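Heads up, the thing below is written out as structure tokens.
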Amino acid sequence: MSSFENLRVVDNFYQTSLFFPMPTVVISTLCEDGTTTLGPYSLVQPYYVAGKDFYAMLLSCRNSSNTAQNILRNGKCAISFVDDKPKTFKECVKLSWPGDKPEDKMPGCAFRLEKSQIEEETGEARPMVLTDAIQAIECTWVRTLDNAQDDKPGELSGYEPPYHDFNGITSKFGAHFILRIDRILMKKKYHDAIINGVRAQDFPPLPVDYGYRDSKNFWFHRKRWMRAELLPMRKQSLDSVRYAADRADDKIRFTDDALETILNVPRVFLPVVLKGCVEWARENGVELVTAEHMKIINDKRSKEKKRK
Ligand SMILES: Cc1cc2nc3c(=O)[nH]c(=O)nc-3n(C[C@H](O)[C@H](O)[C@H](O)COP(=O)(O)O)c2cc1C
């Protein structure tokens, strides 16, 4: 017998039928007059995380919002992650009244804004970024995905069909935006923690948001103490790695000490790792890959990752 109750799945199920932990971000977009407006959002998540030509976020929002209308118009936004202070969350909630125009809410808004780094460097018009943010992502809507390039702003009382499946106008009142990541901005303290390796005390104070509930309140909690859970290392045997290595190429071979360096690579990733090594060996005219070569390959890979 099940140990659960069955709950009805209704509109906005993530906040009406579930306890769904979400981030709190403030999205800035560019209005027609070139000013920046802000809206608080939670339904944002990484979308393309690897293996594509670009990285992307996904935003799910009301299509009549200032944010959606501005993205439809000029494609640019910045997603700023705010801290967990109650007064910051209060400021977010203040910006959330549906139907408020930028001229209604921006004059009384306490968040400080600064020019986008990309705009500073290229002159391209971009929405401003929250100075008070811990981190921010500057984005451009990929309007060609799902053929959404012809979706236009201007319809504030509901869009008529046809609707897209996952990008652009996706229902009468809804929109989804796949947002290419143009740049990640991070305050120095947290930037340094990522570069040097994080400890529990280095994580930023980000709130966890449970959405609008009981037709009255937005619920959130502050950051809690971070705990680390060690992934138990599973080492493969040298024989099993040798088996895969001998089949990676008909000419290029690996010494035992070269293979020792990749014993802890999970089996599913081994072919990709070996392929990378073989490519490097071919480019460098190496026929027997040693531990020394593996170190060079590894350094090259981490440098490339950093550059990205
Ligand atoms: C913390 C918080 C999170 C929110 N998340 C979302 C969301 O993910 N999607 C959405 O459509 N509305 C969300 N809202 C409601 C929007 O903020 C609201 O529609 C607002 O009017 C949007 O502002 P804008 O029209 O200036 O874009 C959220 C509100 C708050 C306070």
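Scanning region 260-301 for residues that are in contact with a Lys or Arg (Cβ under 6 Å, 6 or more places away or on another chain) and surrounded by 14 or more Cβ atoms within 10 Å (Cβ to Cβ) yields one hit, Leu263. Each residue in region 117-134 was checked for being more than 14 Å from Ser80 (Cα to Cα) and surrounded by fewer than 18 Cβ atoms within 10 Å (Cβ to Cβ), and 7 of them qualify. Within region 83-94, the set of residues being crowded, with 19+ Cβ neighbours inside 10 Å and near the ligand (Cβ under 9 Å from one of its atoms) comprises Phe89, Cys92. Counting the residues of region 96-146 that are in contact (Cβ under 8 Å) with a residue 40 or more places away in the chain and either among the acidic types (Asp, Glu) or not assigned by TED's automatic domain parsing to the domain that holds Phe54 (or both) gives 2. Summed over region 161-214, the residues that are under 20 Å from the mean Cα position of the chain (by Cα), among the basic types (Lys, Arg) and in a loop (DSSP other than H, G, I, E, B) give a count of 1. Residues of region 1-17 that are out of contact with any strand residue (DSSP E or B) (no Cβ under 9 Å at 6 or more places or on another chain) and either part of a strand (DSSP E or B) or within 28 Å of Asp84 (Cα to Cα) (or both): Asp11, Phe13, Ser17. Inspect region 119-133 for any residue being within 16 Å of the ligand (Cβ to nearest atom) and acidic (Asp, Glu) and give the result as yes or no. Checking region 119-133: at least one residue is within 16 Å of the ligand (Cβ to nearest atom) and acidic (Asp, Glu). Summed over region 56-65, residues that are surrounded by 18 or more Cβ atoms within 10 Å (Cβ to Cβ) and within 15 Å of the chain's Cα centre (by Cα) total 3. Within the option set Ser60, Ser80, being part of a strand (DSSP E or B) and more than 9 Å from the ligand (Cβ to nearest atom) holds for one residue only, Ser80.
Just name the residue that is surrounded by the most Cβ atoms within 10 Å (Cβ to Cβ) out of those in region 184-214 that are small (Gly, Ala, Ser) and touching a helix residue (DSSP H, G or I) at 6+ places or on another chain (Cβ under 7 Å). By that ranking, first place goes to Gly211. Within region 215-234, being more than 22 Å from the chain's Cα centre (by Cα) and surrounded by 11 or more Cβ atoms within 10 Å (Cβ to Cβ) holds for Asn217, Phe218, Trp219. Only one of the numbered conditions (1) in contact with a strand residue (DSSP E or B) (Cβ under 6 Å, 6 or more places away or on another chain); (2) of a type in the set (A, V, I, L, M, F, W, C); (3) surrounded by fewer than 10 Cβ atoms within 10 Å (Cβ to Cβ) is not met by Leu43, and that is (3).
Say we look at region 63-77 and pick out the residues that are assigned to a helix (DSSP H, G or I) and more than 10 Å from the ligand (Cβ to nearest atom); which of these is nearest to Leu113 (Cα to Cα)? Among residues in region 63-77 that are assigned to a helix (DSSP H, G or I) and more than 10 Å from the ligand (Cβ to nearest atom), the one nearest to Leu113 (Cα to Cα) is Asn74. Does Lys223 satisfy the condition of being at negative phi, in contact with a Pro (Cβ under 7 Å, 6 or more places away or on another chain) and among the charged types (D, E, K, R)? Taking the combined requirement at face value, the residue satisfies it. For region 20-40, filtering for residues that are part of a loop (DSSP other than H, G, I, E, B) and buried (at least 18 other Cβ atoms within 10 Å of the Cβ) leaves 2.
The values are calculated or read from the model by the stated rules, or taken from the named source; none is laboratory data. Keep in mind it's a predicted model, so treat the numbers as computed, not measured. Virtual Cβ from ideal backbone geometry, glycine too; neighbours counted across all protein chains shown.
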